[in-house]
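Report on one structure; see the data block that follows.
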Amino acid sequence: MIQQASQRLALHGTDAKSDLDDFASDVRAGLTSEKKRLSCRFIYDDAGSDIFEAICDLPEYYLTRAEREILERRAQEFSQRFDESPTIVELGSGSSTKTRVLLNALSDTFDDVHYVPIDISTEMLASTARDLLDAFPKLKVTAFAGEYNDGLRFVHDEIDEPTCTLWLGSSVGNLSREDAIKFLRSMRDTMDGHDRLLAGMDLKKDPEVLIQAYNDRAGVTESFNRNILLRINRELGGDFDPDQFEYKVTYNEDLGRVEMYQVSRMNQNVHIRDLDMTVSFEEGEPIHTENSHKYSLEDIDTLAAQGGYSREVQWFDDLDRFSLNLFKPV
Ligand code: TRP
């Protein structure tokens with residue numbers, strides 16, 4: 001018997017208050033530090049998550065298409081690696097568009113498929129879950145609204161079946177090398193031997209191609225990046241005038257990463273009411289808003305080893321722009 005969609009859905013999450021506290025303390029620390037910075041994870045509120053969906057369709061942003069191509073080609077092979085369907089946990093699930101490809105293949109192979117999306121945007125999570133439950137009549141969805149760490153703790157405490165955690169879109173690349181290792185290790189510590197991690201990682205390539213992927217002609221990535229300033233205005237009572245900042249993108253060869261900045265166009269003070277602070281900017285002074293690390297094949301294996309994993313399979317798109325890696329804990 002097929003159950004009603006509502007009976008196949010459970011929604012969990014952390015409260016918005018603790019997220020706001022995290023945001024406030026990150027903004028305070030970042031804007032009082034010698035080199036001003038803000039953490040990219042705060043770009044993804046409901047508004048930011050919507051803009052990100054538009055990024056995925058940009059002609060310059062090859063990552064999503066390359067990763068989807070790999071998933072489409074390998075979904076069946078992926079499913080066949082398992083004796084029973086692993087519970088599919090996903091970090092930063094967004095609209096789950098790419099994940100559908102895997103859920104499709106798993107549903108063809110197995111009777112019961114369980115999906116546990118973890119995302120910061122409750123709105124996106126709820127609407128995506130409804131769509132998926134309609135599309136897959138036997139799918140069970142346990143959605144978690146909150147940060148990765150809270151989501152993984154929830155999975156560890158509440159989910160007994162073997163899991164395969166998806167970390168797509170080269171999101172690992174938005175963490176510094178040390179933070180990536182730390183996070184991979186903490187995730188590994190919640191995994192059993194039969195659990196897996198499927199991670200999408202973008203590859204090193206011509207810097208010009210990389211820069212364009214993060215500085216599209218339509219200016220969508222620019223407004224995505226700007227969302228963090230607007231969010232400070234909305235949630236912390238800031239008075240940033242985003243027009244007084246210029247978006248800048250560079251490729252840092254030494255660290256192998258695209259770097260994104262908001263550069264002050266003039267000497268100016270920005271007041272943030274709820275933090276009771278005034279931030280002074282000089283003309284030309286940058287706020288470092290985002291990094292996106294790019295990997296060689298060697299980088300991938302080194303990172304995996306440092307995080308406590310070995311690589312089981314590695315797949316590429318036709319043009320070798322992007323990699324999808326299945327890791328197992330060691
Ligand atoms: N993980 C994605 C990436 O690094 C996220 C992303 C795409 C992004 N475009 C961005 C993050 C622009 C910040 C700014 O490609």
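Side notes on the structure shown:
- Taking the chain and dividing mean pair separation by its residue count, relative contact order in percent (alpha carbons under 8 Å, at least six apart): 21 percent
- Computed from backbone phi with θ = phi - 60° and the Karplus coefficients 6.51, -1.76 and 1.60, the 3J(HN,Hα) list for the stretch 304-317 is 4, 4, 5, x, x, 10, 10, 8, 8, 9, 9, 10, 10, 7 Hz; x is used for glycine and proline.
- Three-way shape call for the stretch 40-190 based on the alpha-carbon gyration tensor, with the a/c threshold at 1.5: rounded
- Net lengthening on full extension, SER296/ASP108 (0.36 nm per residue, minus Cα-Cα): 64.3 nm
- Inter-label distance for ASN267 and LYS35, nm, one decimal - labels placed 7 Å from Cα along Cα-to-Cβ: 2.5 nm
- For ALA10, the residues 5 or more places off, or on other chains, whose built amide H falls under 5 Å of its own are VAL141, THR142, ALA143.
- Note on SER296: accessible area is roughly 40 Å² with a 1.4 Å probe, heavy atoms of protein only.
- Close amide H pairs (under 5 Å, H built 1.01 Å from N) link GLU312 with LEU326, PHE327, LYS328, residues at least 5 positions away or on another chain.
- Solvent-accessible area of LYS98 with every protein chain in place, 1.4 Å probe, in Å² to the nearest 10: 40 Å²
- In order along the stretch 126-139, the Karplus-derived 3J(HN,Hα) couplings, from 6.51 cos²θ - 1.76 cosθ + 1.60 at θ = phi - 60°, round to 5, 6, 5, 4, 4, 4, 5, 5, 5, 6, 10, x, 10, 5 Hz, and Gly and Pro are given as x.
- Karplus-derived 3J(HN,Hα), 6.51/-1.76/1.60, for each residue of the stretch 182-196, Hz, glycine and proline x: 4, 5, 4, 5, 5, 5, 4, 5, 8, 9, 9, x, 8, 6, 9
- Convex hull per residue volume in Å³, alpha carbons only, for the stretch 1-127: 147 Å³
- Potential lengthening of the chain between MET277 and GLU77 amounts to 66.6 nm, from the contour at 0.36 nm per residue minus the alpha-carbon distance.
- The stretch 198-230-the stretch 55-76 distance, computed between alpha-carbon centres (Å): 15 Å
- FRET efficiency for the GLU84 to LEU20 pair, using the beta carbon distance and R₀ = 25 Å, is estimated at 0.05.
- Computed from the C-beta positions of GLN306 and ASP46, the FRET efficiency with R₀ = 35 Å rounds to 0.55.
- Cleavage-rule hits (GluC sites (Glu not before Pro)) in the stretch 244-313: DSSP loop, at most 11 neighbouring Cβ within 10 angstrom: GLU253, GLU282, GLU283
- For MET277, nonlocal amide neighbours, meaning residues 5 or more places apart or on other chains whose placed amide H falls under 5 Å from its own, are ILE272.
- With the whole protein complex present, TRP315 retains an accessible surface near 10 Å², based on a 1.4 Å probe.
- The stretch between SER6 and THR190 holds 63.3 nm of extra length on full extension. This uses 0.36 nm per residue minus the Cα-Cα distance.
- Those residues of the stretch 271-288 whose amide nitrogen sits under 20 Å from the label point placed on LYS248, 7 Å along Cα→Cβ: 279-288
- The convex hull of the Cα atoms of the chain, projected and averaged over all directions, covers 16.4 nm².
The values are calculated or read from the model by the stated rules, or taken from the named source; none is laboratory data. Predicted model, so just to flag it, every value in this text is computed and none were measured. Note that we place each Cβ from the backbone using ideal geometry, even for glycine, and neighbour counts take in every protein chain shown. Side chains are part of the model used for accessible areas, which takes the heavy atoms of the whole protein and leaves out ligands, DNA and RNA. Shrake-Rupley method; radii C 1.70, N 1.55, O 1.52, S 1.80 Å.
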